[in-house]
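*Asks:* Would you mind keeping the following structure in view while I ask a few things?
The values are calculated or read from the model by the stated rules, or taken from the named source; none is laboratory data. Just so it is clear, the model here is predicted, and its values are computed rather than measured. Here the Cβ positions follow ideal geometry from the backbone for every residue, glycine too, while neighbour counts run over all protein chains shown.
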C-alpha cells in the first residue's frame, strides 16, 4: 500500500468498474436463479406449504435453517466494522465495507426467507397489530430490524465521502449514475466539521451494533432454546450460535476479498498480509467455535438422558452421522489444519478453505434445525405394528427457493460491488496520510 | 344430517349474535331491495333496527359479508372468553383402553379431519424393555402453562378462563413456532388447501370448532367446546365403547364418561392418577389412570380397525 501517492491514483484503483463478460454472465446467472425462485414461490403461495416436504413432525425445514445461516453470516459486519475497528486493528480497514455489504445483503434475506416460511404471509401485519412481546419471534423481528437499520447506516454513512469522490472524479459514466452519486452523497464537501460528525457517528454506531449483533443471533438461538425439545433445550445455544456466526462471516469476507482482489487486481490493497491475518483470525474463531461444539455435545452424550439419547445417536452414528461428521471434518478440522500453516493462509488456499467453512456452516444449520424434529418425546404412531416413518428431504420447491435466496444475497452484493467502491477510499487515504482536499470543488470549498 | 345440523346451528348463532351485533347493524343503512340480480333462495333471518325479524335472501343482501364478519367477531370474542365458571379436565383410564380407535374415528368424522393429521392419537407405549406395554390415547393436554401459547407471536393461540387452549385460525400467521414448542407433538398444520366438504359451505368460522379450516394455519384437539357448551361430552368420550375418557369440571370436582360419574379428586387418589411428563412443568389438564387390572390384555396384533380406518374417516 505504500506506493499509493495521490487521491487520484487511489480513486482510479478503487472506483467501480463496468463488468466484463464474466461479470455479466455471473450477474445473468444470479438473476435467472432468483427468477426461478420466484416461480417456485408463486406455486408455494398458490398451493400452500404442501409443496414442501415439511410435515407435522418435521414442521421446520431448510427455510428456517437457511434463515439461521443468513443471520449468522450477517454478524460479520459487527465483527469487522465494530469489534476490530474499536480495537484499533488498522489492517482491517480495507475490509470494513466488504463486511458491511455482506451484513446488509444477508440480514435482508434473513427477513425475506422467514416470510417464505410463513403459512400465511398475507397476515404479516398481524405481527405488528397483535404482537405479543412475550414471544421470542417478536424479539427476533425487533432485533433483526434494528440490526438491519444500523447495518445500513454503517454501510451508508462511511460511504458519503467516497460517493462525493465518485461524483467529482468519475467522468465517463452515464448521467443517471452520476446523478445517483450526487444525490446519495448528500452534498458532501469534505469539511473538517463533516469529517468530525462522520467519525463520531460511525464510532457511536460501532458501539451500538455490538450488543445488537450479539442480540440477533442469541435471540435466533432462543427460537430453539426456548422450547422443551431434545437438542434445542440448551443453555449453550446463545454463545454457540454467536461463535459459529463469526466463523462463517469471517469466511465470507475472505471469500469475497479473494474475488475482489483477483477480479479487480487489487493486490496492493488486499495484500497477502491481510489474508494472513484473516486466516489467523478464522483459526481463532474456529477454535472458539469448536470449544462450544464440544461443550454442546459432550455433556449430553456423556449422560445420554432419555429425550437426548436418540438424537445424539442419530447424529453420531445414525442417519445424520455422515452430515454431522462431514461438517466437523470438512467445515472445521481440515480448514483449521490448513490455516495453521503460513502457506495455508496464502490467498488461494485460504479462499478454498473459507468456502469449505461456508458450505459446512450451511449444513451445520441444517443439523441444528432438522434432526431434533425427528426425535419427539412421544413415539411415532404405529400402523399395524410398524412405526410411521418421520421423514424430511427438501423438495425441488424448497431447494429452488433456498438457492434463489442465496443467489439473491449474492446478487445484491454483486450490484453493490458494481456501483460502489468496495474498499473505503477515504479511510485508506486517511490511513496513508494522503491529502483529500483536492477533491473538493473550488467553488464549494470557498463557501466554507 | 350434517347439513341440517349446520344450518340450524347457524340460525341459532345468528339469533345469539343479533343481540350483540345489533348496535353495529343499526349503523349500517338497510338497503336490501336496491340490489338487482338473481336470488339464491337461501334466506337469512335478521333482527332489524326496529325490532322485527326479517327474512332476507343471502345474495340480495349487500351486507352479507359484513354480517358474516360481525358474526365471526362475536364468535371469536366468545371463543376467547371460554365457558364461564368452568375448569375443564379430562381423565383417561389406561386400564380400559383396548385400542378400539372409535375415539379417533369419531373425532375425525366430526371435525372433518383429513387423512394427513390426527387431533387424537392412541400411542403404543412401553416405558422400557421389561415393563408392560399399554395403549395411551392422547388428546391435547390443554396445559395450564402451555408452551405453545407462550411462544405465539400474535396471540392466535390462547388460554381461556375455562382452561381450554384454542386457536384463532383467522389470526394465525403459520409460523409453526407453537408446533416446535409443544413437547407432545399435538399440533398439526394445514399444509395445503383444506379439503372441500359440502356440509361446511357457508358455515361461519368459529374458533370453538376450528371450521371451516384455514390454509396455512395450525390446528389441534380443542376438547370440543361446542359440545361442552351444549352439556355434552366431547366426541371421543361419546364414541369410546369402553368408557376410557372422563371429562368434567375441576370446580365441581366431577368427571364422567357418560355412564359413570366420579369425584375427580377421589378417582385420582384411589387410582393413583398421574400426568404425562410431569417433569417438564407444563401442568397438563389431562390425567391418566395407570394401566393396571386391565379390561383386556394388551395385544398389539389385535386390530379392531384396518389401516385405512386408522388413517381416514371416509
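*Asks:* Against the conditions (1) away from chain B (no Cβ under 14 Å); (2) in contact (Cβ under 8 Å) with a residue 12 or more places away in the chain, where does residue A:121 fall short? Just the number, please.
*Replies:* Here residue A:121 clears every test but (1).
*Asks:* Across the range A:234-253, which residue is farthest from the other protein chains (Cβ to nearest Cβ) among those that are in a helix (DSSP H, G or I) and over 12 Å from the mean Cα position of the chain (by Cα)? Before you say what the answer is, go through the steps one by one.
*Replies:* Restricting attention to the range A:234-253, the residues satisfying the condition of being in a helix (DSSP H, G or I) are A:237-253.
Those still in the list that are over 12 Å from the mean Cα position of the chain (by Cα) too: A:237-243.
Values: A:237: 14, A:238: 17, A:239: 21, A:240: 18, A:241: 16, A:242: 21, A:243: 23 Å.
Among those that are in a helix (DSSP H, G or I) and over 12 Å from the mean Cα position of the chain (by Cα), it is A:243.
*Asks:* Looking only at the range A:41-66, how many residues end up being free of Cβ contacts under 8 Å to residues at least 60 places away in the same chain and under 17 Å from residue B:194 (Cβ atoms)? It would help to see each step written out before you state the result.
*Replies:* Residues of the range A:41-66 free of Cβ contacts under 8 Å to residues at least 60 places away in the same chain: A:42, A:46-47, A:50, A:56.
Of the ones still in play, those that are also under 17 Å from residue B:194 (Cβ atoms) are A:46-47, A:50, A:56.
Final tally of qualifying residues: 4.
*Asks:* Residues A:318, A:279: which one is under 19 Å from residue A:350 (Cα atoms) and either buried (at least 20 other Cβ atoms within 10 Å of the Cβ) or in contact with a helix residue (DSSP H, G or I) (Cβ under 9 Å, 6 or more places away or on another chain) (or both)?
*Replies:* Unique residue meeting the criteria: A:279.
*Asks:* Here is a further query. Of the conditions (1) at pLDDT below 90; (2) closer than 12 Å to residue A:370 by Cα, residue A:91 clears all except one; give me its number.
*Replies:* Failing condition for residue A:91: (2).
*Asks:* For the list (1) part of a loop (DSSP other than H, G, I, E, B); (2) away from every other protein chain (no Cβ under 14 Å); (3) out of contact with any helix residue (DSSP H, G or I) (no Cβ under 7 Å at 6 or more places or on another chain), I need the number of the one condition that residue B:266 fails.
*Replies:* Result: residue B:266 fails condition (1) only.
*Asks:* Follow-up. Residue check, residue A:79 against (1) closer than 26 Å to residue A:225 by Cβ; (2) within 13 Å of chain B (Cβ to nearest Cβ), all met but one. Which one?
*Replies:* Single failed check for residue A:79: (2).
*Asks:* Among the residues of the range A:108-134, write down those that are farther than 21 Å from residue B:194 by Cβ, over 27 Å from the mean Cα position of the chain (by Cα) and not in a loop (DSSP other than H, G, I, E, B).
*Replies:* A:129
*Asks:* Which members of the range A:124-138 meet the condition of being more than 9 Å from chain B (Cβ to nearest Cβ) and either under 23 Å from residue A:211 (Cα atoms) or surrounded by 13 or more Cβ atoms within 10 Å (Cβ to Cβ) (or both)?
*Replies:* Filtering the range A:124-138 for residues more than 9 Å from chain B (Cβ to nearest Cβ) gives A:125, A:128, A:133.
Listed by number, the list holds a single entry, A:133.
*Asks:* Filter the range A:1-28 for residues that are touching a residue at least 60 places away in the same chain (Cβ under 8 Å) and over 30 Å from residue A:273 (Cβ atoms) and give the result.
*Replies:* Listed by number, the list holds a single entry, A:27.
*Asks:* Among the residues of the range B:237-254, write down those that are surrounded by fewer than 23 Cβ atoms within 10 Å (Cβ to Cβ), touching a residue at least 12 places away in the same chain (Cβ under 8 Å) and outside any loop (DSSP other than H, G, I, E, B).
*Replies:* B:238, B:239, B:249
*Asks:* Test each condition in (1) closer than 22 Å to residue A:54 by Cα; (2) free of Cβ contacts under 8 Å to residues at least 24 places away in the same chain; (3) in a helix (DSSP H, G or I) for residue A:368 and report the one that comes out false.
*Replies:* Tallying (1) closer than 22 Å to residue A:54 by Cα; (2) free of Cβ contacts under 8 Å to residues at least 24 places away in the same chain; (3) in a helix (DSSP H, G or I), residue A:368 fails exactly one: (2).
*Asks:* For residue A:144, are the conditions met, namely being within 16 Å of residue A:70 (Cβ to Cβ), under 19 Å from the mean Cα position of the chain (by Cα), modelled with pLDDT of 95 or more and crowded, with 22+ Cβ neighbours inside 10 Å? Break it down stepwise before answering.
*Replies:* Values: within 16 Å of residue A:70 (Cβ to Cβ): yes; under 19 Å from the mean Cα position of the chain (by Cα): yes; modelled with pLDDT of 95 or more: no; crowded, with 22+ Cβ neighbours inside 10 Å: yes.
Taking the combined requirement at face value, the residue does not satisfy it.
*Asks:* Quickly run through the range A:174-199 and pick out the residues that are closer than 17 Å to residue A:15 by Cβ, surrounded by 11 or more Cβ atoms within 10 Å (Cβ to Cβ) and more than 31 Å from the chain's Cα centre (by Cα).
*Replies:* Within the range A:174-199, A:190 is the sole residue that qualifies.
*Asks:* Sticking with this structure for a sec: If I filter the range A:213-233 down to residues being more than 9 Å from chain B (Cβ to nearest Cβ), in contact (Cβ under 8 Å) with a residue 40 or more places away in the chain and crowded, with 20+ Cβ neighbours inside 10 Å, which single residue comes out as nearest to residue B:186 (Cα to Cα)?
*Replies:* Looking at the filtered set, the residue picked out is A:230.
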